[in-house]
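Every read-out reported here was derived from the displayed coordinates using simple, explicitly stated rules and does not represent laboratory data. Note that this is a predicted model, so its numbers are computed, not measured. So basically every Cβ, Gly included, is an ideal-geometry build from the backbone, and we count neighbours across all protein chains shown.
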Amino acid sequence: MRILKRNSLILAIILSGILSACNGGLSDKFHMEKRYWDLSDYNEAVNQIKYFTKEDEQYPNYSNPETSPVFKKIVSIENVSVVLKDEALGLSHKNKFAEGMFKLQQDLFKTYNKIDRQDKFVYPVELVDIEDFGMKVQPLYFQLGNDQIVKNATDPESAEVKRMVNGNVQTMVGNFVNNINFIRHEEALNEEAKKRYAETIKDNITKLISDYPDANYTSMLSAVKTIQKRIKDAEIKKSFDHIQELITANIEQKEKKTQE
Amino acid sequence: MGNKIIIILSIVALFIAMLWDINLLEYEFPIPHENYKKITFDNFTGLNKPGNTLYGQKEFAFISTELRTEKQENKYRVDVLFHPARSYVYKKNIRGKELLTHELYHFHITEYCGRLLRQTIASSKNKINLSELETKYLEIENQMQKQYDYETYHSYVLGEQNRWQAYIDSCLESLKDYESPIIEK
């Protein structure tokens with residue numbers, strides 16, 4: 001009887017161990033209990049997605065109630081701006097964080113950029129939101145970079161410094177042109193993704209032009225005009241019309257100033 | 001004989017379990033708020049349970065403070081204390097100045113609530129129900145501590161940390177007259 005009781009206890013312990021190992025649930029590499037993620041949390045999360053998602057599993061996405069919060073956390077700009085907009089933090093520290101986030105966003109885009117057998121994006125809405133995240137991170141990143149250039153310069157007003165600062169802004173404008181060209185994959189997007197894209201491209205570029213009115217948007221205008229010809233979605237067309245108007249007005253204003 | 005062994009083992013197990021609450025092996029007496037400037041992480045001698053972290057992180061600390069009231073003959077005492085043997089760092093080699101400052105401001109929040117309680121006792125013309133007052137100000141303290149940790153995220157949001165520090169400093173300054181733990185009635 002005693003042997004039977006002892007064996008039952010051992011069996012119960014082993015079974016509970018197996019059961020707890022088999023339990024589903026999110027990986028602890030997604031630090032969902034944390035309010036804010038730092039760079040190492042992000043890198044852990046992205047590595048977990050890239051290297052440890054099983055073949056029959058999906059990446060965190062909006063359609064999966066269990067993993068949707070993970071994806072939302074990954075593309076939450078609040079997590080980034082809480083550091084990059086904190087004036088109490090040093091420029092070097094913020095620049096390091098911003099550079100990490102910039103690279104991470106590119107990595108994330110490559111990871112989620114999968115197409116199915118019908119040449120449709122597997123994660124269309126998620127991909128658009130990763131683009132949106134990138135368009136929000138970049139102005140913060142480039143601005144911090146420029147602030148650091150000015151701070152470290154012997155003469156912040158020198159032509160060389162101005163050239164570097166303007167060069168960085170133009171690089172950013174060029175990156176946004178890539179975001180415009182993303183829509184050449186229009187047919188790979190679903191309706192929700194197209195709607196999201198129409199909103200985010202309009203909002204982000206409007207803000208870009210407002211924050212950097214002195215930048216050169218000629219290449220962006222050319223890109224918009226070219227891509228407009230092939231767009232079918234009405235909302236996206238409307239957004240591009242709006243962007244075109246803004247850029248045209250910006251260029252005309254600069255020409256007027258030059259003539260004066 | 002078997003029973004004796006079980007009793008001894010139970011006492012040892014109980015003692016070990018108690019250590020996670022208060023480290024009797026490295027016990028230090030509670031430190032009153034007036035001596036807060038002497039506190040360093042070396043005073044955080046409490047034991048953390050193995051594997052225990054805060055939000056999966058080890059770069060945090062835990063401070064134990066107490067608001068203690070007592071009625072003596074014709075006076076009241078409201079002491080605000082830091083408990084070294086109940087306070088710990090999650091990772092032994094964490095000694096950041098910022099983190100220590102964050103933890104000390106938890107202590108200052110307790111002191112602020114202590115001063116509010118002293119002020120209430122000093123200005124009260126009615127019979128004082130000390131237990132009720134203590135419960136009330138402990139609740140206020142609890143809310144404030146939670147808000148402080150939430151908004152600063154344990155000093156991760158440095159701008160908020162600075163803002164809270166300035167706010168708590170001004171709160172303490174405004175109740176400077178109630179610094180003494182003793183209230184004569």
Original post:
What size of dipole, in debye to the nearest 20, comes out for chain A about its Cα centre when the only charges are +1 on Lys and Arg C-beta atoms and -1 on Asp and Glu C-beta atoms?
Top reply: 700 debye
Original post:
In whole Å and largest first, what semi-axes does the C-alpha gyration tensor of chain B yield when each eigenvalue is scaled by 5 and square-rooted?
Top reply: 32, 25, 13
Original post:
Could you work out Rg/(2.2 N^0.38 Å) for chain A, with Rg from alpha carbons only?
Top reply: 1.31
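Give me the compactness ratio for segment A:140-260, meaning the Cα radius of gyration over 2.2 N^0.38 Å.
1.21
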Original post:
Where in segment A:190-256 are there trypsin sites (Lys or Arg not before Pro) that are in a DSSP coil and have at most 10 other Cβ atoms within 10 angstrom of their Cβ?
Top reply: A:K229, A:R230, A:K232
Original post:
What are the principal axis extents of the Cα atoms in segment A:61-198, in Å, biggest first?
Top reply: 56, 31, 21
Subject >> Solvent-free Debye scattering, log10 I(q)/I(0), computed from the Cα coordinates of segment A:197-238 at q = 0.27 Å⁻¹ >> reply: -1.04
Original post:
When N is the residue count of segment A:70-126, what does its C-alpha Rg come to as a fraction of 2.2 N^0.38 Å?
Top reply: 1.46
**OP:** In whole angstrom, note down how far apart the Cα centers of segment A:95-117 and segment A:31-75 are.
**Re:** 13 Å
Original post:
Semi-axes of the protein assembly as shown's equivalent ellipsoid from the Cα gyration tensor, sqrt of 5 times each eigenvalue, largest first, rounded to whole Å?
Top reply: 54, 35, 19
Subject >> For segment B:29-38, Karplus couplings with θ = phi - 60° (6.51, -1.76, 1.60), whole Hz, Gly/Pro x >> reply: 5, x, 9, x, 4, 4, 9, 4, 5, 7
**OP:** Take A:D241, A:D155, A:D56 and order them by how many other Cβ atoms sit within 10 Å, fewest up front.
**Re:** A:D56, A:D155, A:D241
